[in-house]
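Asks: I have a structure I would like to understand better, so I am pasting it below and will then ask my questions one at a time.
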Amino acid sequence: MKPVLLTVLLLIVSNIFMTLAWYGHLKLQQTGVSSNWPLYLVVLLSWGIALIEYSFMVPANRIGFAGNGGPFSLVQLKVMQECITLVVFTIFTMIAFKGTHIGWNHIVAFLLIVAAVYLVFMEPAK
């Protein structure tokens with residue numbers, strides 16, 4: 001598999017797990033599953049999920065980083081990752097937290113982040 005595609009796929013999988021680690025416990029609480037759990041148990045659950053996330057994020061960065069022969073600079077990797085995070089978060093929110101309103105300002109903010117991805121991949125003027 002090509003490093004570009006592999007990097008992007010690993011970043012997507014990584015962000016799915018990170019979104020679950022950061023926000024999944026809120027859904028568990030909302031459904032009553034973890035309502036009475038002590039905070040340390042919720043943190044341990046999130047850490048466990050984040051460990052899986054790291055198992056995808058670290059290889060994505062190693063494979064994708066230009067310093068290791070990959071196709072992306074550090075800045076490109078980071079901005080691309082942030083854009084992927086927002087896409088994954090938005091999909092997760094719309095599925096897990098039905099009724100969440102995405103307003104025009106959210107859409108404009110998302111488009112600005114997509115514009116950041118475009119800009120970071122442009123060749124700088126000399």
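The values are calculated or read from the model by the stated rules, or taken from the named source; none is laboratory data. All figures in this text were calculated on a predicted structure; none of them were measured in a lab. Please note: Cβ atoms are built from the backbone with ideal geometry, for glycine as well, and neighbour counts cover all protein chains shown. Calculation scope for accessible area: heavy atoms of the full protein, side chains included, ligands and nucleic acids excluded. Shrake-Rupley method; radii C 1.70, N 1.55, O 1.52, S 1.80 Å.
Asks: Run GLY70 past the list (1) part of a helix (DSSP H, G or I); (2) at pLDDT 95 or above; (3) surrounded by 13 or more Cβ atoms within 10 Å (Cβ to Cβ); (4) over 16 Å from the mean Cα position of the chain (by Cα) and report the number of the one that doesn't hold.
Replies: With respect to (1) part of a helix (DSSP H, G or I); (2) at pLDDT 95 or above; (3) surrounded by 13 or more Cβ atoms within 10 Å (Cβ to Cβ); (4) over 16 Å from the mean Cα position of the chain (by Cα), GLY70 is out only on (1).
Asks: Collect the residues in the range 108-126 that are open to solvent by 90 Å² or more (accessible area, probe 1.4 Å) and in a helix (DSSP H, G or I), keeping them in residue-number order.
Replies: The answer is LEU111, LEU112, TYR118, LEU119.
Asks: Being of a type in the set (Gly, Ala, Ser) and under 30 Å from MET1 (Cα atoms) is the filter here, so list the residues in the range 17-64 that pass it.
Replies: If the condition is that a residue be of a type in the set (Gly, Ala, Ser) and under 30 Å from MET1 (Cα atoms), then ALA21, GLY48, ALA50, SER55, ALA60, GLY64 are the ones that fit.
Asks: Quick check on the range 37-51. Is at least one of its residues in a helix (DSSP H, G or I), in contact with a helix residue (DSSP H, G or I) (Cβ under 6 Å, 6 or more places away or on another chain) and without any contact (Cβ under 8 Å) to a residue 24 or more places away in the chain?
Replies: Yes, the range 37-51 contains a residue that is in a helix (DSSP H, G or I), in contact with a helix residue (DSSP H, G or I) (Cβ under 6 Å, 6 or more places away or on another chain) and without any contact (Cβ under 8 Å) to a residue 24 or more places away in the chain.
Conditions (1) touching a Phe, Trp or Tyr at 6+ places or on another chain (Cβ under 8 Å); (2) modelled with pLDDT under 95, marked per residue:
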site: THR19; (1), (2): yes, no
site: TRP22; (1), (2): no, yes
site: GLY48; (1), (2): no, no
site: LEU51; (1), (2): no, no
site: PHE56; (1), (2): yes, no
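Asks: Where residues in the range 1-19 are more than 10 Å from the chain's Cα centre (by Cα) and part of a helix (DSSP H, G or I), which of them is nearest to TRP47 (Cα to Cα)?
Replies: LEU10
Asks: Of the residues that sit in the range 75-103 and are without any contact (Cβ under 8 Å) to a residue 40 or more places away in the chain, more than 19 Å from GLY24 (Cα to Cα) and within 11 Å of the chain's Cα centre (by Cα), which one is surrounded by the fewest Cβ atoms within 10 Å (Cβ to Cβ)?
Replies: Looking at the filtered set, the residue picked out is LYS78.
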